[in-house]
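Colleague: The following block contains the structure, expressed as structure tokens.
The values are calculated or read from the model by the stated rules, or taken from the named source; none is laboratory data. This is a predicted model, so every value here is computed, not measured. Glycine gets a Cβ as well: all are built from the backbone with ideal geometry, and neighbour counts include every protein chain shown. Heads up: the accessible areas ignore ligands, DNA and RNA and are worked out on the full protein's heavy atoms, side chains in. Shrake-Rupley method; radii C 1.70, N 1.55, O 1.52, S 1.80 Å.
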Amino acid sequence: MTAQLFQPYRLNDSLVLDNHILMAPLTRCMADADLVPTQAMADYYARRADAGLIISEATIIRPDGQGYPNTPGIFTQAQIDGWRKVTDAVHAKGGKIFMQLWHTGRVAHPFFWGGEAPIAPSAIAVEGTVPRMRELVYLTPKAVTVTEIAELVSDYAKAAENAIEAGFDGVEIHGANGYLIDQFLHHDSNRREDEYGGSPENMSRFALEVVDAVIARIGHERTALRLSPGAYFNMAGDARDREVFDYLLAELEGRQLAYLHAGIFDDAMEFDYLGGRVSDYMRGKYGKTLVGVGSYTAHSASLAISEGRFNLIAIGRPFIANHDYVAKVKAGSELVAYSDEMLANLY
Ligand code: FNR
Ligand code: 8K6
């Protein structure tokens with residue numbers, strides 16, 4: 001039943017995946033004090049090299065993008081060199097790996113980089129505190145100026161260039177899960193009245209500028225994007241968000257991205273304003289390669305792919321619990337169940 005997951009999949013002329021199973025991006029908070037990837041991280045990713053494609057943990061493009069402890073960066077030479085060890089280790093085992101490019105926007109905390117306030121589309125705080133650092137309350141962000149937006153776009157492109165220098169096969173722009181790019185795409189966090197807010201076209205502008213700048217720098221074959229049309233994390237939903245994503249997905253259809261990836265923890269969740277599941281909504285608006293995710297098993301993913309609901313599956317928590325996830329599924333062996341305590345080490 002899961003046999004088709006083990007067929008190769010052609011993303012484009014330069015990238016053919018060995019199978020349909022992607023390792024989802026998974027923040028592990030294990031980089032060193034300078035946000036440099038460690039040898040333990042290289043070993044961790046290399047153990048998972050038989051995924052069709054590994055997507056790295058979210059990696060910050062500049063210091064003020066940091067919202068959690070020890071999340072790796074891609075803005076210093078030491079970080080580039082550290083990631084080179086990871087990509088070499090994955091490639092030595094025949095794997096492929098994309099870097100997920102991240103700026104957390106209003107979910108960043110100046111505790112980590114010593115600034116005053118995080119930046120975001122509008123000066124609206126996310127409620128709550130930094131996970132596992134409960135004393136850190138989220139601050140009201142500063143609304144970015146148009147000049148600062150242009151700098152951010154340029155910093156995403158530079159980070160993509162650095163990722164290629166570090167040996168990555170491509171990048172996935174993190175436009176999901178309530179972080180900076182997603183904050184422009186939802187009415188909950190974007191109340192701007194300039195050309196970056198107020199209409200679907202304006203609210204999509206930053207995301208498309210980032211996509212276009214990254215494509216211009218490293219090529220469309222190596223550029224992918226993750227989006228969360230359904231607000232579920234660090235974000236409140238608004239029925240008007242639907243029009244924003246309708247517009248954005250139509251625009252993306254005209255670009256030749258390597259793939260588009262849903263951002264959701266459980267794809268069984270239904271969103272009224274999207275008319276159902278995130279993946280089904282995205283499939284209805286986007287005909288090119290779509291990666292599904294969110295509480296799937298190999299069996300349920302295989303069924304969804306055969307029904308045409310998406311083309312590839314990303315697996316997150318089961319890949320933390322089973323470094324040999326792909327081999328186990330192929331052999332029909334039993335999987336170890338994920339538990340949150342497993343986040344304490346990198347095996
Ligand atoms: C995540 N997820 C996530 N998503 C993302 O885009 N970038 C990231 O860095 C992370 N980090 C992260 C850490 C941990 C510990 C978890 C559990 C999840 C979300 C992840 O990519 C995926 O969408 C979900 O885990 C749902 O897939 P599974 O786990 O049900 O297969
Ligand atoms: C992306 C960085 C996060 C750092 C660690 C994240 C760990 C996450 C697990 C819990 C996330 C909660 C999401 C809640 C949504 C549930 C909807 C059903």
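Colleague: In the stretch 42-80, which residues are more than 24 Å from Met133 (Cα to Cα) and either surrounded by 24 or more Cβ atoms within 10 Å (Cβ to Cβ) or in contact with a Pro (Cβ under 9 Å, 6 or more places away or on another chain) (or both)?
Modeller: Residues satisfying the conditions are Tyr45, Ala51, Gly52, Leu53, Ile54, Ile55, Phe75, Gln79.
Colleague: Taking the criterion of being surrounded by 22 or more Cβ atoms within 10 Å (Cβ to Cβ) and either of a type in the set (A, V, I, L, M) or closer than 27 Å to Asp169 by Cα (or both), would at least one residue in the stretch 211-220 satisfy it?
Modeller: Checking the stretch 211-220: at least one residue is surrounded by 22 or more Cβ atoms within 10 Å (Cβ to Cβ) and either of a type in the set (A, V, I, L, M) or closer than 27 Å to Asp169 by Cα (or both).
Colleague: Taking only pairs six or more apart or across chains, which ones have beta-carbon atoms under 6 Å, a first residue in the stretch 135-154 that is assigned to a strand (DSSP E or B), and a second residue that is surrounded by 18 or more Cβ atoms within 10 Å (Cβ to Cβ)?
Modeller: Close Cβ pairs (under 6 Å, with a partner that is surrounded by 18 or more Cβ atoms within 10 Å (Cβ to Cβ)) amount to Lys142/Ile119; Ala143/Ser122.
Colleague: If you take just the helices (runs of 4 or more DSSP H) that sit entirely in the stretch 186-300, which of them hold at least 1 residues that are more than 15 Å from ligand 2 (Cβ to nearest atom) and touching a residue at least 60 places away in the same chain (Cβ under 8 Å)?
Modeller: Fully inside the stretch 186-300 and qualifying: 200-218, 241-253.
Colleague: Further question on the same structure: Is it fair to say Ile305 is under 21 Å from the mean Cα position of the chain (by Cα), open to solvent by less than 10 Å² (accessible area, probe 1.4 Å) and of a type outside the set (Lys, Arg)?
Modeller: no
Colleague: Please work out if Thr27 is surrounded by fewer than 20 Cβ atoms within 10 Å (Cβ to Cβ), within 18 Å of Phe168 (Cα to Cα) and within 16 Å of ligand 2 (Cβ to nearest atom).
Modeller: For Thr27, the condition - surrounded by fewer than 20 Cβ atoms within 10 Å (Cβ to Cβ), within 18 Å of Phe168 (Cα to Cα) and within 16 Å of ligand 2 (Cβ to nearest atom) - is met.
Colleague: Right, here's the next one. Between residues in the stretch 1-30 that are assigned to a helix (DSSP H, G or I) and residues that are modelled with pLDDT of 95 or more and open to solvent by 60 Å² or more (accessible area, probe 1.4 Å), which pairs lie under 7 Å by C-beta distance while being six or more apart or on different chains?
Modeller: Gln4/Ser306; Phe6/Lys330
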